[in-house]
Amino acid sequence: MGSIPAQNRPLNVIVIGAGIGGLAAALALRREGHRVSVLEKSRFAAEIGAAVHIAPNCTRLLRRLGLDPQRYRANLLTGVSNQDTLNFLKNRALTRKKMNLFDSSGKAPPTIWDFDEKDWYLIHRAHLHGALKELALSSKGDGTPVKLSVSCNIVDMDPKEATVTLDSGETIKGDIVIGADGVKSWSRSYIAPDVEPYSSGKCCYRWLISFAEIEKNESIKKFSQWHGRMTEWDYNDRRIIMYPCVDNTMYNCGGFIPRAEIPDEIFGWSHIASKEKLIQSYKGMGQEVEQLLALTPEDGLHIWELLDMDFLPTYIKDSLVLIGDAAHPFLPYMGQGAAMAIEDGVTLAALLPQGTSTDDIPSRLQSYQKCRKERVERIQILTRENGKGTNDPNAKRITRDEALAGIKYCQNYDAWESAKQMLVDSHS
Ligand SMILES: Cc1cc2nc3c(=O)[nH]c(=O)nc-3n(C[C@H](O)[C@H](O)[C@H](O)COP(=O)(O)OP(=O)(O)OC[C@H]3O[C@@H](n4cnc5c(N)ncnc54)[C@H](O)[C@@H]3O)c2cc1C
């Protein structure tokens, strides 16, 4: 094995966007001894969002970064249930296209599976975001604290020179620029100007219901006793998913419906969506659904359009590298969007250890692309398939074993170790 060339000075890293991916990358690179500057467009007045999955492939990376999800009120996911309120699953058991989850009698089991894995967490996005920010900026811990600038309006970038220019006229020079500016990425235009996200045809309601509210209603009380359990109602082109977060005190609820059903709705976290329309969308899905939807807080219902995007030809150009949703927007059907953004950031840090010379950056970014692109695209394909409606004629029929194999592919992976192995292989 040849030696890995080293230099004494730390790398200067510019990160565009302080979302989950940008902060994870910043924290991981800081721990490698680099000087990291994060430029965020928003004011960060109050971080918003609902809950996100931290599957085992993500948990092991967060632990490596010194972040224990349980310290931030995450709770374990222990199982998944499919509620057959309409006998829909039973009736469709033999013809159901998407997933053959049934025993030979054609009866759907109430529980799809229970996990052996004890490291799959559900966490409020604001708690995860806050934890990453706290660790990245802290004066304690390895490396130099990350410098975070908010309300930044970046107007230009030179990927060759690794410079970005703010609207104030200030130009910041780095050795590497990380584009972590989310699904509507500005930095992506320097790599693939013609690639834009497009509507997936679905949109998603998001809201939270407290366990305490559910407990008061005798007919749905059982849900307040299902700690750690994700529950799903799946009916033709629509679906409701509900899973606990914040130490099993809140249910994070997601309602997926066709985009065409609400053509005039305003999307985004700053707009309150109509509870009446939500209830209308799930009419006829049984009493339990009705009772649960009635608990939706009037002032806490949001809806956003689910965007997808074609695969990019590359994630890199000169010293610019894309991570997270900027490189590969994820639909929410496998709970891997945040995990993939964190894997990206940690992979970069593993490939740019302390002592990396600026001359080595181009080859390390090529290694990043090799580590990430194939894996991410495979998981994007699995995610799209998982999002298809039970009545979708194009949905593939997959067996329970195939579904579990997909989940294992996501989760039995250590992005840090894989990147380190690639580094060793490239020098042997
Ligand atoms: C406010 C918000 C709430 C969310 N809530 C949920 C949720 O409840 N559940 C869920 O599963 N997923 C949610 N997501 C999406 C999820 O966090 C991401 O899909 C995933 O974590 C990938 O992270 P990312 O860092 O690539 O992108 P994001 O988390 O989207 O972060 C991108 C960051 O870049 C910033 N940015 C954008 N443009 C620029 C620019 N030109 N210059 C500088 N900064 C820029 C944005 O303000 C943002 O902070 C949310 C995202 C956001 C931004």
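The values are calculated or read from the model by the stated rules, or taken from the named source; none is laboratory data. Because the structure is a prediction, the values reported are computed rather than measured. Glycine gets a Cβ as well: all are built from the backbone with ideal geometry, and neighbour counts include every protein chain shown.
Would you check if V376 is surrounded by 24 or more Cβ atoms within 10 Å (Cβ to Cβ), modelled with pLDDT of 95 or more, within 30 Å of M230 (Cα to Cα) and within 16 Å of the ligand (Cβ to nearest atom)? Can you show your working first?
Values: surrounded by 24 or more Cβ atoms within 10 Å (Cβ to Cβ): no; modelled with pLDDT of 95 or more: yes; within 30 Å of M230 (Cα to Cα): yes; within 16 Å of the ligand (Cβ to nearest atom): yes.
No, not satisfied.
In region 219-248, what residues are of a type outside the set (D, E), out of contact with any Gly (no Cβ under 6 Å at 6 or more places or on another chain) and surrounded by fewer than 15 Cβ atoms within 10 Å (Cβ to Cβ)? Spell out the reasoning first.
The initial filter retains those residues of region 219-248 that are of a type outside the set (D, E), namely 219-231, 233, 235-236, 238-246, 248.
Pick out the ones that are also out of contact with any Gly (no Cβ under 6 Å at 6 or more places or on another chain) and you get 219-228, 230-231, 233, 235, 238-239, 242-246, 248.
Listed by number, the residues that qualify are S219, K221, K222, Q225, H227.
State all residues of region 179-207 that are more than 10 Å from the ligand (Cβ to nearest atom) and hydrophobic (A, V, I, L, M, F, W, C); if no residue qualifies, say none.
Result: I191, A192, V195, C203, W207.
Yes or no: region 156-169 includes at least one residue that is closer than 30 Å to D68 by Cα and over 19 Å from the mean Cα position of the chain (by Cα). Break it down into steps so the answer makes sense when it comes.
First, the residues of region 156-169 that are closer than 30 Å to D68 by Cα: none.
The answer is no; no qualifying residue exists.
Does A338 satisfy the condition of being modelled with pLDDT under 95, hydrophobic (A, V, I, L, M, F, W, C), assigned to a helix (DSSP H, G or I) and in contact with a strand residue (DSSP E or B) (Cβ under 7 Å, 6 or more places away or on another chain)? First the steps, then the outcome.
Numbers: modelled with pLDDT under 95: no; hydrophobic (A, V, I, L, M, F, W, C): yes; assigned to a helix (DSSP H, G or I): yes; in contact with a strand residue (DSSP E or B) (Cβ under 7 Å, 6 or more places away or on another chain): yes.
It is false that A338 is modelled with pLDDT under 95, hydrophobic (A, V, I, L, M, F, W, C), assigned to a helix (DSSP H, G or I) and in contact with a strand residue (DSSP E or B) (Cβ under 7 Å, 6 or more places away or on another chain).
Cβ-Cβ under 9 Å, sequence separation 6+ or interchain: first residue in region 173-185 and at pLDDT 95 or above, partner among the basic types (K, R) and part of a loop (DSSP other than H, G, I, E, B). Which pairs?
D181/K41
Those residues that are of a type in the set (S, T, Y) and either buried (at least 19 other Cβ atoms within 10 Å of the Cβ) or within 30 Å of K222 (Cα to Cα) (or both), I need them from region 280-321; list them, please. If you could, list the steps in order and put the result at the bottom.
Filtering region 280-321 for residues of a type in the set (S, T, Y) gives 281-282, 296, 314-315, 319.
Within region 280-321, S281, Y282, T296, Y315, S319 meet the criteria.
For the subset of region 1-38 comprising residues that are touching a helix residue (DSSP H, G or I) at 6+ places or on another chain (Cβ under 8 Å) and at pLDDT below 95, which member is surrounded by the fewest Cβ atoms within 10 Å (Cβ to Cβ)?
It comes out as M1.
For the structure I just gave you, tell me whether L352 is buried (at least 17 other Cβ atoms within 10 Å of the Cβ), in contact with a Lys or Arg (Cβ under 6 Å, 6 or more places away or on another chain) and either among the aliphatic types (A, V, I, L, M) or in contact (Cβ under 8 Å) with a residue 60 or more places away in the chain (or both).
On the way: buried (at least 17 other Cβ atoms within 10 Å of the Cβ): yes; in contact with a Lys or Arg (Cβ under 6 Å, 6 or more places away or on another chain): yes; either among the aliphatic types (A, V, I, L, M) or in contact (Cβ under 8 Å) with a residue 60 or more places away in the chain (or both): yes.
Against the criterion (buried (at least 17 other Cβ atoms within 10 Å of the Cβ), in contact with a Lys or Arg (Cβ under 6 Å, 6 or more places away or on another chain) and either among the aliphatic types (A, V, I, L, M) or in contact (Cβ under 8 Å) with a residue 60 or more places away in the chain (or both)), L352 qualifies.
Can you name the number of the only condition in (1) part of a loop (DSSP other than H, G, I, E, B); (2) near the ligand (Cβ under 9 Å from one of its atoms); (3) modelled with pLDDT under 95 that K41 fails?
It is condition (3) that K41 fails.
If you take the residues in region 391-428 that are at pLDDT 90 or above and small (G, A, S), which one is surrounded by the fewest Cβ atoms within 10 Å (Cβ to Cβ)?
S418
Counting only residues that are among the hydroxyl-bearing types (S, T, Y) and more than 18 Å from the chain's Cα centre (by Cα), how many does region 316-356 have?
Initial filter on region 316-356 (among the hydroxyl-bearing types (S, T, Y)): 319, 333, 347, 356.
The next check asks that each one be more than 18 Å from the chain's Cα centre (by Cα); those that pass are 319, 356.
Adding up the residues that qualify gives 2.
Within the group D175, D156, D142, which residue is out of contact with any Cys (no Cβ under 9 Å at 6 or more places or on another chain), buried (at least 18 other Cβ atoms within 10 Å of the Cβ) and either among the charged types (D, E, K, R) or under 21 Å from L351 (Cβ atoms) (or both)? Please lay out each step first, then the result.
Numbers: D156 fails: buried (at least 18 other Cβ atoms within 10 Å of the Cβ); D142 fails: buried (at least 18 other Cβ atoms within 10 Å of the Cβ).
That would be D175, the only listed residue that is out of contact with any Cys (no Cβ under 9 Å at 6 or more places or on another chain), buried (at least 18 other Cβ atoms within 10 Å of the Cβ) and either among the charged types (D, E, K, R) or under 21 Å from L351 (Cβ atoms) (or both).
Suppose the filter is more than 16 Å from the ligand (Cβ to nearest atom) and at pLDDT below 95; does D318 pass it? Steps first, please.
Values: more than 16 Å from the ligand (Cβ to nearest atom): yes; at pLDDT below 95: no.
The answer is no for D318.
Sort through L67, L132 and tell me the only one that's in a loop (DSSP other than H, G, I, E, B), modelled with pLDDT of 55 or more and of a type in the set (A, V, I, L, M). Please lay out each step first, then the result.
Numbers: L132 fails: in a loop (DSSP other than H, G, I, E, B).
Within the list L67, L132, the selection yields L67.
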